[in-house]
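Below: one structure, written as structure tokens.
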Ligand SMILES: Nc1nc2c(ncn2[C@@H]2O[C@H](COP(=O)(O)OP(=O)(O)OP(=O)(O)O)[C@@H](O)[C@H]2O)c(=O)[nH]1
Ligand SMILES: [Mg+2]
């Protein structure tokens, strides 16, 4: 279900909701849309639209209704009552997928934390809503409040416990990482919108077998391998990371902050783009927004426009390598297909050039001072 408030790319967003639902193991059976100027306070949609959804859901035997936009706890509850079906929104769906996909101990803890935080904000809001209903001052107490206070306290304690466990795991991993890291390592991270082909490209470059699939968030944990760049005569570490998506739930960004930051703590970000997706320019902007949110907007980027095998003849690139302006910065861009391997030798060449140039800068900076004059 999507409500068109006149924002750009309404269709693309609904398409993505369908993909998210499939990734979570659901089977979308119908799509309902309507246009509104603003959401209805009680039901989000108008009551006529709600009746229409209810009728349709009955006819086709739907078991759940998903909204693309965020619902307030009140709207969700009212809708569930009206439709007599479970109602969820996009945030819930993304949290659900992350919960299903998390594999590492750390990933699981992070998802648990994000879900707890999501639930706790809903509880708090539900509670203040009850407070208002009772008329506030002078009417404290009552069974409703006690129960909710109790729930809140329990959730608060669980959040604290989860955070402590997470900190412990993180510290352990950082020590391991520091021990592993070679001093002169050059780190490259593959980043980009979910489903852009990061894992496929990673596998093609380092001959690994990271999980790649036509799903959103196929990758949740970072994988790192050494990549040998013949032309530069050295290896670099290449990491495959979790994909970004528009409106990543805040609880999730918070919980995954450390992972995201570590993933993009690199000398170069290879920003993989699904060039065959009609919304790819919008997706680039959304990735840039997440990067800015975690303070990574200034790390140099190389844009890789992937999936050119899926582009029709008239959209095929004229030149394989060029530059494109991203946030006012001229950024190098290369067109490839991770599937057919077209453009990969050129990509290795580009990476070699960047790594060699960085090495040369480091060499110059270190040259004075070490060891005195040599002939
Ligand atoms: N046609 C075509 N499909 C590709 C190409 N590269 C990847 N794909 C497909 O795109 C889908 C997503 O690929 P992944 O490598 O899992 O994408 P990802 O960016 O790692 O996605 P997440 O981990 O979910 O964020 C898969 O179905 C791939 O087979 C390509 O060059 N051409
Ligand atoms: Mg992946």
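The values are calculated or read from the model by the stated rules, or taken from the named source; none is laboratory data. This one's a predicted model, so the numbers in the text were calculated from it and none came from an experiment. For neighbour counting, all protein chains shown are included, and Cβ atoms are generated from backbone atoms with ideal geometry for every residue, glycine included.
Given 99, 62, which one is assigned to a helix (DSSP H, G or I) and surrounded by 14 or more Cβ atoms within 10 Å (Cβ to Cβ)? Step through it out loud before you land on a result.
Numbers: 62 fails: assigned to a helix (DSSP H, G or I).
That would be 99, the only listed residue that is assigned to a helix (DSSP H, G or I) and surrounded by 14 or more Cβ atoms within 10 Å (Cβ to Cβ).
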query = Among all residue pairs at least 6 apart or on different chains, which show Cβ distances below 8 Å where the first residue, located in region 201-215, is farther than 12 Å from residue 227 by Cβ and the second is modelled with pLDDT of 75 or more and more than 8 Å from ligand 1 (Cβ to nearest atom)?
reply = 210/223; 215/19; 215/22; 215/23
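So if I check each of 263, 289, 251, which one is more than 25 Å from residue 206 (Cβ to Cβ), within 13 Å of the chain's Cα centre (by Cα) and in contact (Cβ under 8 Å) with a residue 60 or more places away in the chain?
None of the others qualify; the one that does is 251.
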message = Against the conditions (1) in contact with a helix residue (DSSP H, G or I) (Cβ under 7 Å, 6 or more places away or on another chain); (2) in a helix (DSSP H, G or I); (3) closer than 30 Å to residue 278 by Cβ, where does residue 50 fall short? Just the number, please.
response = (3)
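Is it true that some residue in region 232-240 is within 11 Å of ligand 1 (Cβ to nearest atom), farther than 14 Å from residue 23 by Cβ, in contact with a strand residue (DSSP E or B) (Cβ under 8 Å, 6 or more places away or on another chain) and part of a strand (DSSP E or B)?
At the first step, the residues of region 232-240 found to be within 11 Å of ligand 1 (Cβ to nearest atom) are 240.
Now narrow it down to the ones that are farther than 14 Å from residue 23 by Cβ: 240.
So of that shortlist, the ones also in contact with a strand residue (DSSP E or B) (Cβ under 8 Å, 6 or more places away or on another chain) come out as 240.
Then keep just the ones that are part of a strand (DSSP E or B); that gives 240.
Within region 232-240, one or more residues are within 11 Å of ligand 1 (Cβ to nearest atom), farther than 14 Å from residue 23 by Cβ, in contact with a strand residue (DSSP E or B) (Cβ under 8 Å, 6 or more places away or on another chain) and part of a strand (DSSP E or B).
Being assigned to a loop (DSSP other than H, G, I, E, B) and more than 10 Å from ligand 1 (Cβ to nearest atom) is the filter here, so list the residues in region 194-220 that pass it.
Applying the first criterion (assigned to a loop (DSSP other than H, G, I, E, B)) to region 194-220 yields 194-197, 207-220.
Selection gives 207, 208, 209.
For residue 12, state whether it is modelled with pLDDT under 90, within 21 Å of residue 277 (Cα to Cα) and surrounded by 14 or more Cβ atoms within 10 Å (Cβ to Cβ).
yes
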task = Could you look through region 173-190, keep only residues that are away from ligand 2 (no atom under 16 Å from the Cβ) and either within 25 Å of the chain's Cα centre (by Cα) or closer than 26 Å to residue 20 by Cβ (or both), and pick out the one that is modelled with the lowest pLDDT?
result = 177
request  = Answer yes if at least one residue in region 25-38 is touching a residue at least 40 places away in the same chain (Cβ under 8 Å) and surrounded by 18 or more Cβ atoms within 10 Å (Cβ to Cβ), and no otherwise.
outcome  = no
Residue selected from region 191-212 under the condition under 22 Å from residue 261 (Cβ atoms) and within 8 Å of ligand 2 (Cβ to nearest atom), by the criterion surrounded by the most Cβ atoms within 10 Å (Cβ to Cβ) = 198
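Do the conditions hold for residue 172, that is, is it part of a helix (DSSP H, G or I), away from ligand 1 (no atom under 16 Å from the Cβ) and surrounded by fewer than 19 Cβ atoms within 10 Å (Cβ to Cβ)?
yes
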Residue count for region 266-286, restricted to those that are within 16 Å of ligand 2 (Cβ to nearest atom), within 13 Å of the chain's Cα centre (by Cα) and surrounded by fewer than 21 Cβ atoms within 10 Å (Cβ to Cβ) = 0
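Checking the condition touching a helix residue (DSSP H, G or I) at 6+ places or on another chain (Cβ under 6 Å) and surrounded by fewer than 18 Cβ atoms within 10 Å (Cβ to Cβ), which residue from 225, 246, 234 passes? I'd like the intermediate steps shown before the answer.
Details: 246 fails: surrounded by fewer than 18 Cβ atoms within 10 Å (Cβ to Cβ); 234 fails: touching a helix residue (DSSP H, G or I) at 6+ places or on another chain (Cβ under 6 Å).
Answer to the check: 225.
State all residues of region 287-323 that are surrounded by 13 or more Cβ atoms within 10 Å (Cβ to Cβ), away from ligand 2 (no atom under 16 Å from the Cβ) and within 19 Å of residue 349 (Cα to Cα); if no residue qualifies, say none. Step through it out loud before you land on a result.
Taking region 287-323 first, the residues surrounded by 13 or more Cβ atoms within 10 Å (Cβ to Cβ) are 287-291, 293-294, 296-297, 299-311, 317, 320-322.
Narrowing the set further to residues that are away from ligand 2 (no atom under 16 Å from the Cβ) leaves 288-289, 291, 293-294, 296-297, 299-303, 305, 308-311, 317, 320-322.
300, 301, 302, 303, 305, 308, 317, 320, 321, 322 - these are the residues of region 287-323 that are surrounded by 13 or more Cβ atoms within 10 Å (Cβ to Cβ), away from ligand 2 (no atom under 16 Å from the Cβ) and within 19 Å of residue 349 (Cα to Cα).
Conditions tested, residue by residue: (1) outside any helix (DSSP H, G or I); (2) within 30 Å of residue 120 (Cα to Cα).
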position	(1), (2)
20	no, yes
25	yes, yes
42	yes, yes
55	no, no
